[in-house]
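The values are calculated or read from the model by the stated rules, or taken from the named source; none is laboratory data. Computed from a prediction, not measured in an experiment: that's the story for all the values here. Cβ sites come from the backbone with ideal geometry, for glycine too, and all protein chains shown count toward neighbours.
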Ligand SMILES: Nc1ncnc2c1ncn2[C@@H]1O[C@H](COP(=O)(O)OP(=O)(O)OP(=O)(O)O)[C@@H](O)[C@H]1O
Ligand SMILES: [Mg+2]
């Protein structure tokens, strides 16, 4: 259950400048900023700190709960694990040996992993700010604004939308199972491992079958109300010069950091 | 309150002390609920949409956990006791799609008794009996998610009855049943000896089954009394969104 709660909707309702800003500006800023962060040279901690600063500021201005941001950004950790072998394979000054296995880590290798970790984390936090401050509908509009084809934008939207529907539905099925998972004195409860695995397997099957059927019903319901694949707004978002300027300033700042690192 | 009047020396089936609960997104759903239900009593839980009825029922067997203390037949609800408590309380979810997760009706109704480790003939007996009680005998091999809404509802009720629990916590058991099926379910609830806490919008079914009614509004208990007294209190019902104000307009 907790897993699915953690997967709850990404949007966090707040009245902030970041929330009000146009989705296209935020999406473009996020993509541009992430690219610039990626360009940071190996083990340049000062530059990474300088790049993290505006991201922290955005979290604060958007008034996002810190624990939520930290929890969500932790999702990046498993991917970073893929970089850990670098610590052992990069040639350089030996700093540690894994007992028993005899692998040796080098200072250069450890720094490479730490750099990747820092870069990914800054990028993921920024992506969290984007998804927490922009509704999915706005995001689709932003994708369309950046010339992503309507079909692809719609697919992204529905994947996102159904991830949570399926997650919710799954968590409700688990609740039902747990509600009826009782133990009484004098009997061995829980059945065999094999039986429980079978139950879980059939739950997953049920979940997919149902989600598939539900998606057809939802699509029919959307078509009945005239859906043609293009998101529509009561108030189509308009680009504000101040937002554009703000985003441009942030990108310029990141570019300057990179320039300084290389020249200085 | 009727509870203290007729329950003074009976064992308490349910005791809630100052139960508070907020959903993870911060929505406060229960704001200090205290309630005692003596064993054998049938209590209806009524309240407008969003009053907190479903949330309250899901506290009872630890599906949702908030602050405050809950005792079921004297045992305090905790991580250690939750399995045992689930053998004491059968919980019916409001939406049968949330309740049914197995490939066939038979599997679903048998799940609870099988999980308890009961011998096979006993499981079979309970499944047959539960399906008969809800009028769904003969549907054993069907896929639950391809039944009609009312049929799903009845199978969902059977999954709870098959557990053989001394307490039933039912969330809107009569919703989406056709008049005949609704009548039969009310008769069944009447005839069952279990302690019941039942959330419902079906005020017409109250006098036949429940001796006591608890009214919930915005996560608080705002009234608790004998069924006839509560149903006669039009001001109370009106104040908490439970009457049709001036009746429906005529065509
Ligand atoms: N999963 C959830 N996340 C956040 N808030 C929720 C969730 N489920 C219910 N709520 C909120 O909790 C409050 C109580 O809801 P609950 O479902 O208990 O009401 P109810 O009395 O059962 O209503 P109904 O008669 O419509 O079934 C409502 O304000 C509701 O919006
Ligand atoms: Mg409800």
Select from the stretch B:5-28 the residues that are within 16 Å of ligand 2 (Cβ to nearest atom) and either within 22 Å of residue B:202 (Cβ to Cβ) or not in a strand (DSSP E or B) (or both) and write down the one among them that is farthest from the other protein chains (Cβ to nearest Cβ). B:27
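Among B:75, B:71, B:86, B:65, which is the only one that is in contact with a strand residue (DSSP E or B) (Cβ under 6 Å, 6 or more places away or on another chain) and within 19 Å of residue B:19 (Cβ to Cβ)?
That would be B:71, the only listed residue that is in contact with a strand residue (DSSP E or B) (Cβ under 6 Å, 6 or more places away or on another chain) and within 19 Å of residue B:19 (Cβ to Cβ).
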Candidate set: the stretch B:73-94, residues that are within 16 Å of ligand 1 (Cβ to nearest atom) and more than 8 Å from chain A (Cβ to nearest Cβ); chosen: the one farthest from residue B:41 (Cα to Cα): B:94
Of the residues in the stretch B:51-64 that are free of Cβ contacts under 8 Å to residues at least 40 places away in the same chain and not in a helix (DSSP H, G or I), the one that is nearest to ligand 2 (Cβ to nearest atom) is B:63
Do we find a residue being within 14 Å of chain B (Cβ to nearest Cβ), out of contact with any helix residue (DSSP H, G or I) (no Cβ under 6 Å at 6 or more places or on another chain) and either closer than 21 Å to residue A:23 by Cβ or surrounded by 15 or more Cβ atoms within 10 Å (Cβ to Cβ) (or both) anywhere in the stretch A:122-140? yes
Say whether the condition of being under 27 Å from residue A:218 (Cβ atoms) and either within 14 Å of chain B (Cβ to nearest Cβ) or outside any helix (DSSP H, G or I) (or both) is met by at least one residue in the stretch A:147-160. yes
Which fully enclosed helices (runs of 4 or more DSSP H) of the stretch B:172-251 have 1 or more residues being within 26 Å of residue B:61 (Cβ to Cβ)? B:179-191, B:206-209, B:227-232
Given the condition at pLDDT below 90, within 16 Å of ligand 2 (Cβ to nearest atom) and outside any helix (DSSP H, G or I), answer yes or no: does some residue in the stretch B:103-113 qualify? no
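Each row is one residue, and each column tells you yes or no for (1) crowded, with 18+ Cβ neighbours inside 10 Å; (2) over 30 Å from residue A:136 (Cβ atoms); (3) in contact with a strand residue (DSSP E or B) (Cβ under 8 Å, 6 or more places away or on another chain); (4) without any contact (Cβ under 8 Å) to a residue 24 or more places away in the chain.
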site: A:161; (1), (2), (3), (4): no, no, no, no
site: A:170; (1), (2), (3), (4): yes, no, no, no
site: A:176; (1), (2), (3), (4): yes, no, no, yes
site: A:181; (1), (2), (3), (4): yes, yes, no, yes
site: A:187; (1), (2), (3), (4): no, yes, no, yes
site: A:192; (1), (2), (3), (4): no, yes, no, yes
site: A:202; (1), (2), (3), (4): no, yes, no, yes
site: A:205; (1), (2), (3), (4): no, no, no, yes
site: A:221; (1), (2), (3), (4): no, no, no, yes
For the stretch B:71-93 the number of residues that are surrounded by fewer than 19 Cβ atoms within 10 Å (Cβ to Cβ), touching a residue at least 40 places away in the same chain (Cβ under 8 Å) and either part of a helix (DSSP H, G or I) or outside the structural domain of residue B:174 (by TED's automatic domain parsing) (or both) is 0
Condition (residue is within 14 Å of ligand 1 (Cβ to nearest atom), touching a strand residue (DSSP E or B) at 6+ places or on another chain (Cβ under 9 Å) and at pLDDT below 95) applied to the stretch B:23-33: is it met by at least one residue? yes
Can you work out which of the residues in the stretch B:114-127 that are part of a helix (DSSP H, G or I) and more than 7 Å from chain A (Cβ to nearest Cβ) is surrounded by the most Cβ atoms within 10 Å (Cβ to Cβ)? B:127
When you look at residue B:142, is it part of a helix (DSSP H, G or I), more than 17 Å from the chain's Cα centre (by Cα) and either without any contact (Cβ under 8 Å) to a residue 40 or more places away in the chain or within 12 Å of chain A (Cβ to nearest Cβ) (or both), yes or no? no
Output yes when any residue across the stretch A:155-173 is under 21 Å from the mean Cα position of the chain (by Cα), modelled with pLDDT of 85 or more and more than 25 Å from residue A:251 (Cβ to Cβ), and no when none is. yes
Considering only residues of the stretch B:39-72 that are in contact with a helix residue (DSSP H, G or I) (Cβ under 9 Å, 6 or more places away or on another chain) and within 13 Å of chain A (Cβ to nearest Cβ), which is farthest from ligand 1 (Cβ to nearest atom)? B:72
